[in-house]
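The values are calculated or read from the model by the stated rules, or taken from the named source; none is laboratory data. Computed from a prediction, not measured in an experiment: that's the story for all the values here. Every residue, glycine as well, gets a Cβ built from its backbone with ideal geometry; the counts of neighbours run over all protein chains shown. Only protein heavy atoms, including side chains, enter the accessible area calculation; ligands, DNA and RNA are left aside. Shrake-Rupley method; radii C 1.70, N 1.55, O 1.52, S 1.80 Å.
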Amino acid sequence: MDLMKILDGQVALGNKSGTKNLGEHKFWKTQPVPQLLNALTGPTEIKEGPIDPPKTPADVRQEPGQLPSGFEWSLIDITNEEQCKEVYILLSENYVEDDDAMFRFNYSKEFLLWALTAPGYYPDWHIGVRVVKTGKLVAFISGIKVDIRVRANTFDAAEINFLCVHKKLRSKRLAPVLIKEVTRRVNLTNIWQAIYTAGVVIPTPIGTSRYYHRNLNPPKLVDIGFAALPRGMTIARLVRQYAVSSHPRIPGFREMMQSDVPQVGALLRRYLSRFEVTQTFAKDEEIEHWFLSGHGRDVDGERKEQVVWAYVVEDPTTHLVTDLVSFYSLPSTVMKHKKHNLLNAAYLFYYASDVIFSPGGSSDDAATHEAKAKQRLEERLNALINDLLVIAQNAGFDVLNALTLGDNNMFLNEQKFGAGDGFLVSITWFVNWWLLISGFLSSHRIVS
Ligand SMILES: CCCCCCCCCCCCCC(=O)SCCNC(=O)CCNC(=O)[C@H](O)C(C)(C)COP(=O)(O)OP(=O)(O)OC[C@H]1O[C@@H](n2cnc3c(N)ncnc32)[C@H](O)[C@@H]1OP(=O)(O)O
């Protein structure tokens, strides 16, 4: 993981938008978040524990916050095809772009439905703002409920995502109004923590993660400016360099099925127990949602895009599920390009392997046992990602993106991922703990 540098009250993340004088946060400095550490002038340590005195939903204002005149709140029913399409259009025209305005996220309607209807979601955390006169949707913010474990503590939290204000309404302080409104609705359910990620630094990050990109379609990525053609290199050589085999190699590697849900749940929970901060996925219905729903199908003649792709390894002898590996599909619009209008990007999602838990030799001391387990895991993850690349390429993806978190450093270099210019900052809110969590946000481009 890349740690951000905190220097003289400036946080430098290496990308243009990531640098801001931290004293300037008019909104965030009023909020119950840990304020930024400053080695020279401010606090240098944040103590674990509640920031605000504990409250109850009875202490929360019952009415929505005040919007500027001419605008009104509008609850979005994301399961309603028309309303989902309105959010899709707002985001596809106004959501996250890279610094050079070459690429913009193009979340599909199916993706939005998948991401916002996870088990336990609250429909009234899907909040829109419309122009009163025309009814046009011009802003959005959303949350879902997630269970988070930080070391030994597990608690309910909101995961906030898809904050978006129409380009024509930017810099009018609408974002703080949206954030306060989602906070109010979350608090009404007696939840007081939230997690979210951003491509900018706001008080206070608990971790920074860098995007890495595995090129699967060199001619296109070079053509659209996502990847550079290194000096002295030809496209043909680049194609050879990034070629992947045509079939998965691990015996028993196959698409995940409904009947795998209990085993995958047990495997993933065990694997994630090794980390200090994770979503718990305590219920099998969550496993089913996150790994099996959103599969592409034709409904009433309309093609539904496949969102999540999950694969398992079924041991050919025992028939037990030993491994999981997955990605989700999140295309980006390629702006201002004559030939290509879409970058088909796959994003590495969760993976797990039981090789880390295999018993070692009886004579091994603890350190040897751990070193051997780590090596087994490294070999296995490389094999799994190698097979996932085959799936992604055969399905027509141009690139597989991954972050520098979890066990990803065990395979990023070997599987030929290149460092990107995008960073993801993970942030907690009202939270007692420093958290690290992965999210759905990136800005991107391969820089090395
Ligand atoms: C317990 C429950 C709690 C629940 C809530 C938890 C918190 C959730 C927090 C949200 C998690 C979202 C997770 C995602 O979805 S991250 C994705 C964010 N979306 C985009 O980047 C899409 C393109 N950009 C836009 O639509 C707008 O630029 C947005 C809407 C981002 C800001 O609109 P605009 O540009 O017109 O600005 P303003 O004049 O209204 O407001 C300026 C204030 O807003 C602060 N700002 C700017 N960007 C972000 C950002 N990404 N997270 C938090 N704060 C942000 C900024 O520092 C400034 O405050 P301060 O610096 O002066 O103090």
Förster radius 41 Å - calculated FRET efficiency between E93 and M233, Cβ distance, rounded to 0.05: 0.70
Net charge of neighbours whose Cβ lies under 14 Å from the Cβ of Y242, counting Lys and Arg as +1 and Asp and Glu as -1: +3
24 Å Cα-Cα reach of K168 towards lysines, excluding residues that sit fewer than 8 places from it in its own chain: K16, K20, K26, K85, K109, K133, K136, K180, K336
In sequence order, calculated HN-Hα J values of region 133-142 (Karplus, 6.51, -1.76, 1.60; Hz; x Gly/Pro): 5, 9, x, 5, 6, 10, 7, 7, 8, 8
At R0 = 45 Å, FRET efficiency that the Cβ-Cβ distance of E45 and T318 yields, to 0.05: 0.35
Solvent exposure, largest accessible area first (probe 1.4 Å, DNA, RNA and ligands not counted), of H340, H126: H340, H126
Difference of contour (0.36 nm per residue) and Cα-Cα distance, E72 to V132: 21.0 nm
Calculated from backbone phi, Karplus (6.51, -1.76, 1.60) coupling profile of region 320-328 in Hz, x at Gly/Pro: 8, 7, 9, 8, 9, 8, 8, 9, 10
Net charge of neighbours whose Cβ lies under 12 Å from the Cβ of A175, counting Lys and Arg as +1 and Asp and Glu as -1: +4
Spin-label model distance (nm) - R269 vs A152, 7 Å beyond Cα toward Cβ: 1.9 nm
With DNA, RNA and ligands ignored, accessible area of L229 (1.4 Å probe; Å², nearest 10): 70 Å²
Spin-label model distance (nm) - R249 vs N80, 7 Å beyond Cα toward Cβ: 5.2 nm
Calculated FRET value between Q241 and S358, using beta carbons and R₀ = 35 Å, to 0.05: 0.55
Accessible area of region 210-423 belonging to carbon and sulfur atoms, whole % at 1.4 Å probe: 51 percent
Pair A367, A419: separation of 7 Å Cα→Cβ label points (nm): 3.1 nm
Charge context of T278, other residues only, Cβ under 12 angstrom, K/R +1, D/E -1: +3
³J(HN,Hα) computed for each position of region 103-111 - Karplus, 6.51 cos²θ - 1.76 cosθ + 1.60, integer Hz, glycine/proline x: 10, 9, 3, 10, 4, 6, 4, 4, 5
